[in-house]
Amino acid sequence: MKVLVYSDDASTREKVRLAIGRRPAPDLPLAEIIECATQAKVIQLLDSGEIDVAVLDGEAQPAGGMGVSRQAKDEVFDCPPICLLIARRDDRWLANWSRADAVVAQPIDPMVMADTVADLMRTRSAGRLTAH
């Protein structure tokens, strides 16, 4: 399954990639991590229909993950589940506004990140099975 990781910060992308690993849970297929650093690339990749789960950095600049999430949920057909990285627990209400499917607080706990992405991968798989 393809997991998109968006952040303008390479170290944030690396932390997410390492936390997810090659397979976030034994019952799931291998995760192919696709990293990007721009809003335009995120939308292009989501529009392609090839992304299964997206992890977006709420603190990314100049386009934060919350706005990108909301845009994707409004504009991308069959938008994949989105996990939003937030810097402050008080940002959860913004994550709700952005229509993200899950939230992980920074600093990233690798177990929480892997479990969250695994749950979203299962959600995507189940959705695709019922759609066909």
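The values are calculated or read from the model by the stated rules, or taken from the named source; none is laboratory data. As the structure is a prediction and not an experimental result, all values here were calculated from the model. Quick reminder, even Gly has a Cβ in these numbers, built from the backbone with ideal geometry, and neighbours come from all protein chains shown. Note: areas computed on protein heavy atoms with side chains; ligands, DNA, RNA excluded. Shrake-Rupley method; radii C 1.70, N 1.55, O 1.52, S 1.80 Å.
Which of the residues belonging to the range 44-56 are surrounded by fewer than 18 Cβ atoms within 10 Å (Cβ to Cβ) and in contact (Cβ under 8 Å) with a residue 12 or more places away in the chain?
Correct list: 47, 49, 50.
Considering only the range 15-24, state which residues are among the aliphatic types (A, V, I, L, M) and exposed (fewer than 15 other Cβ atoms within 10 Å of the Cβ).
18
Taking only the range 121-132 into account, find how many residues are open to solvent by less than 10 Å² (accessible area, probe 1.4 Å) and part of a loop (DSSP other than H, G, I, E, B).
Qualifying residue count, the range 121-132: 0.
From the list 18, 45, which residue is in contact with a Lys or Arg (Cβ under 9 Å, 6 or more places away or on another chain) and on the phi < 0 side of the Ramachandran plot?
Testing whether each residue is in contact with a Lys or Arg (Cβ under 9 Å, 6 or more places away or on another chain) and on the phi < 0 side of the Ramachandran plot leaves just 45.
Can you work out which of the residues in the range 68-87 that are open to solvent by 20 Å² or more (accessible area, probe 1.4 Å) and within 13 Å of the chain's Cα centre (by Cα) is nearest to residue 23 (Cα to Cα)?
79
A quick yes/no check of all residues on (1) under 14 Å from residue 3 (Cα atoms); (2) of a type in the set (Gly, Ala, Ser); (3) open to solvent by 20 Å² or more (accessible area, probe 1.4 Å); (4) touching a residue at least 60 places away in the same chain (Cβ under 8 Å):
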| site | (1), (2), (3), (4) |
| --- | --- |
| 34 | yes, no, yes, no |
| 39 | no, no, yes, no |
| 58 | no, yes, no, no |
| 89 | no, no, yes, no |
| 92 | no, no, yes, no |
| 96 | no, no, yes, no |
| 104 | no, no, no, no |
| 114 | yes, yes, no, yes |
| 119 | yes, no, yes, no |
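Output the residue which, of all residues in the range 1-14 that are among the polar types (S, T, N, Q) and surrounded by 14 or more Cβ atoms within 10 Å (Cβ to Cβ), is nearest to the chain's Cα centre (by Cα).
Within the range 1-14, the match that is nearest to the chain's Cα centre (by Cα) is 7.
Given the residues 22, 13, which is the only one that is modelled with pLDDT of 95 or more and part of a helix (DSSP H, G or I)?
Result: 13 is the single residue among 22, 13 that is modelled with pLDDT of 95 or more and part of a helix (DSSP H, G or I).
Determine which member of the set 37, 100 is touching a strand residue (DSSP E or B) at 6+ places or on another chain (Cβ under 7 Å) and among the hydrophobic types (A, V, I, L, M, F, W, C).
Exactly one of 37, 100 is touching a strand residue (DSSP E or B) at 6+ places or on another chain (Cβ under 7 Å) and among the hydrophobic types (A, V, I, L, M, F, W, C), namely 100.
Can you find a residue in the range 80-94 that is out of contact with any Cys (no Cβ under 7 Å at 6 or more places or on another chain), over 19 Å from residue 15 (Cα atoms), assigned to a loop (DSSP other than H, G, I, E, B) and not acidic (Asp, Glu)?
yes
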